[in-house]
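The values are calculated or read from the model by the stated rules, or taken from the named source; none is laboratory data. Note that the structure is a prediction, hence the values are computed from the model and not measured. Cβ placement follows ideal geometry from the backbone for every residue including glycine, while neighbour counts extend to all protein chains displayed.
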Amino acid sequence: MRGFWRLGLLLGSLLLVAQGQTGMDPWRIQRGGQLYDHWIKAKGVETPAGNHPLWALQTTNTRKGTDTWRCKECHGWDYLGKDGAYGSGSHYTGFVGVLQVREKSLAEIVGILKGATNPKHDFSPYLSEEDLEDLALFLKYGTLDMRTLIDYKAKKPMRGSLTSGKAIYRVCASCHGEDGRAINFLTPENPEYVGTLAKANPQETLHKILNGQPGNFVMPGFSFLLPSQLQDLLAYLQTLPDK
């Protein structure tokens, strides 16, 4: 599995070089994606005291503590914030997304992360300069518009080949098992498998496929997969048992 992953990242790196984007390191972009997901787990550090300073600006999402410090909790797995999958339900905050920052320079994005546009959005006391740069790399080069891949109402990919998806899943099966139930993300009483997640939250599923799992070196990111392959894989994952 690791050989396949490393080969894919190498191919991705060669593609970036061919495009003249030699400053884009796919390893750092993936790490930035993990920081976006859960920087506390990715860094193995303690949660800052209390809620994030900006959390008080909203009253609809009742989560507290650690969750309030996660980028994804405000801006969504699809990077669209209030305009995406977190536009309703218990995760709704009313905060904007981050997809549009791709148009900014890396220096500008790092500045935003340091509180340039809002002092309460300053993450520099918690993230190192390298962390901030990795997160900025992800925000500029690692995000994608999931609305082009997923039917949000149906929670399914807009297209997908089960044959192709099954072939890609052979790599994943070495850890998750042929039926996707070798790893339970939650508890025996309330299990969550890869099939469960794919059906309930396809946006989160795609984010983790592309960037890996924070704090877990066994789960790599497959950022070299093409949009069509992501749809194929998601379509196949949704055929796997969810309990």
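The table below lists the values:
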| item | result |
| --- | --- |
| Residue count for the range 78-106, restricted to those that are farther than 20 Å from Ile209 by Cβ, in contact with an Asp or Glu (Cβ under 9 Å, 6 or more places away or on another chain) and in a helix (DSSP H, G or I) | 2 |
| The range 221-238: number of residues that are more than 17 Å from Leu197 (Cβ to Cβ) and within 13 Å of the chain's Cα centre (by Cα) | 1 |
| Candidate set: the range 31-63, residues that are charged (D, E, K, R) and part of a helix (DSSP H, G or I); chosen: the one nearest to the chain's Cα centre (by Cα) | Asp37 |
| Output for the range 117-136, where each listed residue is assigned to a helix (DSSP H, G or I), in contact with a Leu (Cβ under 7 Å, 6 or more places away or on another chain) and either among the hydrophobic types (A, V, I, L, M, F, W, C) or farther than 21 Å from Gly44 by Cβ (or both) | Lys120, His121, Leu132, Leu135, Ala136 |
| Residue ID - surrounded by the fewest Cβ atoms within 10 Å (Cβ to Cβ), chosen from residues in the range 85-137 that are of a type in the set (D, E, K, R) and free of Cβ contacts under 8 Å to residues at least 24 places away in the same chain | Glu103 |
| Failed item, numbered, when Leu210 is tested on (1) at positive phi; (2) surrounded by fewer than 21 Cβ atoms within 10 Å (Cβ to Cβ) | (1) |
| Failed condition for Gly160, given (1) over 18 Å from the mean Cα position of the chain (by Cα); (2) crowded, with 19+ Cβ neighbours inside 10 Å; (3) assigned by TED's automatic domain parsing to the domain that holds Leu106 | (3) |
| Filter result for the condition that a residue is basic (Lys, Arg), in contact (Cβ under 8 Å) with a residue 40 or more places away in the chain and either surrounded by fewer than 21 Cβ atoms within 10 Å (Cβ to Cβ) or not assigned by TED's automatic domain parsing to the domain that holds Glu46 (or both), over Lys166, Lys153 | Lys166 |
| Where a residue in the range 214-243 is surrounded by fewer than 18 Cβ atoms within 10 Å (Cβ to Cβ) and its partner, wherever it lies, is among the aliphatic types (A, V, I, L, M) and part of a loop (DSSP other than H, G, I, E, B), with Cβ under 8 Å and at least six apart | Pro227/Leu144; Pro227/Leu149 |
| Enumeration of residues in the range 163-191 that are among the hydroxyl-bearing types (Ser, Thr, Tyr) and more than 19 Å from the chain's Cα centre (by Cα) | Thr163, Ser164, Ser174, Thr187 |
| Asn190 vs. criteria loosely packed, with under 14 Cβ neighbours inside 10 Å, among the polar types (S, T, N, Q), within 27 Å of Met24 (Cβ to Cβ) and out of contact with any helix residue (DSSP H, G or I) (no Cβ under 8 Å at 6 or more places or on another chain) | no |
